[in-house]
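Peer 1: Just passing along the structure, written as structure tokens.
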Amino acid sequence: MTDAQAKRAARARAAQLMALFETAGATAVETALLQPAETLLDLYGEDIRARAFVTSDPIRGEMMLRPDFTVPVVEMHMAGGASPAAYAYAGEVFRRQESDPERPVEFLQVGYELFGGEDPARDDAAVFALVAEAVAPARLRAATGDIGILIAAVAGLSTTPARKAALTRHIWRPRRFRALLDRFGGRTPVPRGREALLAQTDPLAEAPPLWGKRGEAEVAARIAALREDAAAAPIGAEEIALLDTILGLRETAPNVLVALRDISADLPAIGPAVDRLSARLEALAARGIEVDELAFEGSFGRTSMEYYDGFVFGFSFPDRPDLPPVASGGRYDALTRALGGGTGVPAVGGVIRPEVLLAGEGP
Amino acid sequence: MSVKLGVPSKGRLMEKTVDWFAARGIRLRRSGSERDYAGVVEGIDGVELVLLSAGEMPRELGAGRIHLGVTGSDVVREKLVHWDQRVEALAEMGFGGADLVIAVPAGWVDVDTLDDLDAVAAQFRARHGHRLRVATKYHRLVREFLREAGVADYALVDSQGATEGTVKAETAEAVADITSTGETLRANGLKILSDGLIHSSQATLFRSRQAVWGDEERAVLREFEARIGL
């Protein structure tokens, strides 16, 4: 197949998927190819610069070639009054590749986003079932997870609010999360420089002069926070073991539910999140999904972009580790708050990559 | 066909490179005037001299338009994706040494490690409403380093010169810059993080894996390697 034929085939497949989403009740929407860089940078941080193509003009400043649809669709929805709605879209997204020349720099995405629903379990199940139906002709493996359970588990640790905030902030950076947990748990020693700093009665007394925007009050506040942290008891080994168990879960969803119920006896804070998982599984079963076979991974979604904060899922070809996931999605209520200037709405969605679907299905 | 050797076209890096080869019996000289960018290699047959700016060397090596080239290992890593698959480091030449490091204001007594930098970035963003800015010209190296270390809530700002001054000018809160002794950083009221060494660079002779290496070129390379003691 030539590149042109492949592109036509992918467009045809995208149109079919789009039609399916519209039949399911979604309104078709379009977004601009060029997106203001500032919004994306503010949201994703420096990592997005490695992943998105940046360009500029003298009037609008820095712009990015659309790296995904979610952000512009959320912005459009929030600006339009944020009443409940479902949207579908199809088009190119662009991804800069800094390390792997084999990966495509432009590809199609077809997506479905559901805003403002009143029953999160039902909506999670509806989006998952719709994406599953859309990719159904291919024999794919589905995996699910729940960032909400991790957030709740961290919130339930018996430690200081500052430590919980630091851990929550790094849920999406597993290595830094682990390093923090080891230190808060007393498994790794306090860095020598910090020990020396805290040994001084007034570390600011003989400090060199300060330059720049970060002022003395901020340095003093951080030293106070470090003193508070040094005085706090380590997080208990039992609690860390519970967290490790949750992160290491790899089982069918019903087995995971049983395991989490056991854990919640010792970590009651995850109770409501586990109830939500239970309700979601019932809603999925009601949609005809074979929940007994559905894989659940405690760490699923931790290495993707940090906007999913609840249910997460992905579909991939089980025998094609060379291919990226065909489809992925999840719940991102927090993102709507970030983009909606503080007011958020429940939001869940999923995207499919038609090119990957076609590559996996073969000729 | 001859083997093309890329050498920095000016400055101390050029002088040191010429000396390094001279000490090994290979004389490099411009074919004409001071401004002529064509050159001659004496003392070995089949090697052609190409004078290039050190910054262009990675691109020319990566594309295989030159067979061999001398430049800093920092620019090769910054500019060549999968650099180790596209070039091979034949010899570290022992000059042009400099470290790419992360430095913060010396007055930040609460910051000594990347872990501290990450915590301060969170604090700074909450307080000032924008990300902690790190001025650099080595975007890819710095971003990869900070991502590996799990540092969040920072933004890179481009600085092609006088990077040490950006903190006093309040266009950045920290810098990632090349230093050999740390003196310029200290003079600008900055200190290097204890785990802030991103890369130790020095002038390096690279071999392009992309260039055409026929029998003739390989024979010249063997002779060349023998002369420089490899």
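Peer 1: Go through the stretch A:186-199 and give me each residue that's closer than 16 Å to A:ALA231 by Cβ, surrounded by 13 or more Cβ atoms within 10 Å (Cβ to Cβ) and not basic (Lys, Arg).
Peer 2: A:GLY186, A:VAL190, A:LEU197, A:LEU198
Peer 1: Would you pick out the residues in the stretch A:31-52 that are part of a loop (DSSP other than H, G, I, E, B) and within 14 Å of chain B (Cβ to nearest Cβ)?
Peer 2: Once the filter is applied, which keeps residues that are part of a loop (DSSP other than H, G, I, E, B) and within 14 Å of chain B (Cβ to nearest Cβ), the stretch A:31-52 yields A:GLY45, A:GLU46, A:ALA52.
Peer 1: Is at least one residue of the stretch B:70-77 in contact with a Lys or Arg (Cβ under 9 Å, 6 or more places away or on another chain) and in a loop (DSSP other than H, G, I, E, B)?
Peer 2: No, the stretch B:70-77 has no match at all.
Peer 1: Could you grab me the full set of residues in the stretch B:127-153 that are facing chain A (nearest Cβ under 10 Å), assigned to a helix (DSSP H, G or I) and either among the hydroxyl-bearing types (Ser, Thr, Tyr) or touching a residue at least 24 places away in the same chain (Cβ under 8 Å) (or both)?
Peer 2: Of everything in the stretch B:127-153, those that are facing chain A (nearest Cβ under 10 Å), assigned to a helix (DSSP H, G or I) and either among the hydroxyl-bearing types (Ser, Thr, Tyr) or touching a residue at least 24 places away in the same chain (Cβ under 8 Å) (or both) turn out to be B:HIS139, B:ARG140, B:VAL142, B:LEU146, B:ALA149.
Peer 1: Of the residues B:LEU141, B:LEU117, B:LEU132, which single one is of a type in the set (A, V, I, L, M, F, W, C) and surrounded by fewer than 24 Cβ atoms within 10 Å (Cβ to Cβ)?
Peer 2: B:LEU141
Peer 1: Additional query: Of all the helices (runs of 4 or more DSSP H) wholly in the stretch A:159-215, which have at least 3 residues that are more than 35 Å from the chain's Cα centre (by Cα)?
Peer 2: Result: A:192-199.
Peer 1: Report, by residue number, each residue of the stretch B:159-196 that is within 12 Å of chain A (Cβ to nearest Cβ), part of a loop (DSSP other than H, G, I, E, B) and surrounded by fewer than 16 Cβ atoms within 10 Å (Cβ to Cβ).
Peer 2: Once the filter is applied, which keeps residues that are within 12 Å of chain A (Cβ to nearest Cβ), part of a loop (DSSP other than H, G, I, E, B) and surrounded by fewer than 16 Cβ atoms within 10 Å (Cβ to Cβ), the stretch B:159-196 yields B:LYS168, B:ALA169, B:GLU170, B:THR171.
Peer 1: Cβ contacts < 7 Å: first residue without any contact (Cβ under 8 Å) to a residue 40 or more places away in the chain and within 14 Å of chain B (Cβ to nearest Cβ), restricted to the stretch A:224-235; second residue part of a loop (DSSP other than H, G, I, E, B) and buried (at least 16 other Cβ atoms within 10 Å of the Cβ), any location; separation 6+ or different chain. Result?
Peer 2: Filtered contacts from the stretch A:224-235: A:LEU226/B:ASP110.
Peer 1: Working only within the stretch A:43-59, note down all residues that are modelled with pLDDT under 90, touching a strand residue (DSSP E or B) at 6+ places or on another chain (Cβ under 7 Å) and farther than 19 Å from A:ALA338 by Cβ.
Peer 2: Of everything in the stretch A:43-59, nothing turns out to be modelled with pLDDT under 90, touching a strand residue (DSSP E or B) at 6+ places or on another chain (Cβ under 7 Å) and farther than 19 Å from A:ALA338 by Cβ.
Peer 1: To continue, here is another question. So which pairs qualify, if the first residue must be in the stretch B:60-75 and in the same structural domain as B:GLU88 (by TED's automatic domain parsing), the second must be surrounded by 24 or more Cβ atoms within 10 Å (Cβ to Cβ) and of a type in the set (Phe, Trp, Tyr), the Cβ gap must be under 6 Å, and the two must be at least 6 apart or on different chains?
Peer 2: B:LEU61/B:PHE206; B:GLY69/B:PHE206
Peer 1: Out of A:VAL127, A:VAL110, A:VAL154, I need the residue that is touching a residue at least 12 places away in the same chain (Cβ under 8 Å), in the same structural domain as A:ALA10 (by TED's automatic domain parsing), in a helix (DSSP H, G or I) and aliphatic (A, V, I, L, M). Which one?
Peer 2: Selected residue: A:VAL127, the only one of A:VAL127, A:VAL110, A:VAL154 that is touching a residue at least 12 places away in the same chain (Cβ under 8 Å), in the same structural domain as A:ALA10 (by TED's automatic domain parsing), in a helix (DSSP H, G or I) and aliphatic (A, V, I, L, M).
Peer 1: Given (1) closer than 15 Å to A:ILE147 by Cα; (2) assigned to a loop (DSSP other than H, G, I, E, B), where does A:GLY341 come up short, assuming only one miss?
Peer 2: For A:GLY341, the failing item is (1).
Peer 1: Does A:GLU251 meet the test of being more than 14 Å from chain B (Cβ to nearest Cβ) and either outside any helix (DSSP H, G or I) or in contact (Cβ under 8 Å) with a residue 12 or more places away in the chain (or both)?
Peer 2: In short, yes.
Peer 1: May I ask you to verify whether B:LEU156 is over 27 Å from B:SER208 (Cβ atoms), within 11 Å of another protein chain (Cβ to nearest Cβ) and in contact (Cβ under 8 Å) with a residue 24 or more places away in the chain?
Peer 2: Criteria not met by B:LEU156.
The values are calculated or read from the model by the stated rules, or taken from the named source; none is laboratory data. Bear in mind that the values here come from a model prediction, so they are computed numbers and not experimental data. Here Cβ is always computed from backbone atoms with ideal geometry, including for glycine, and neighbour counts include all displayed protein chains.
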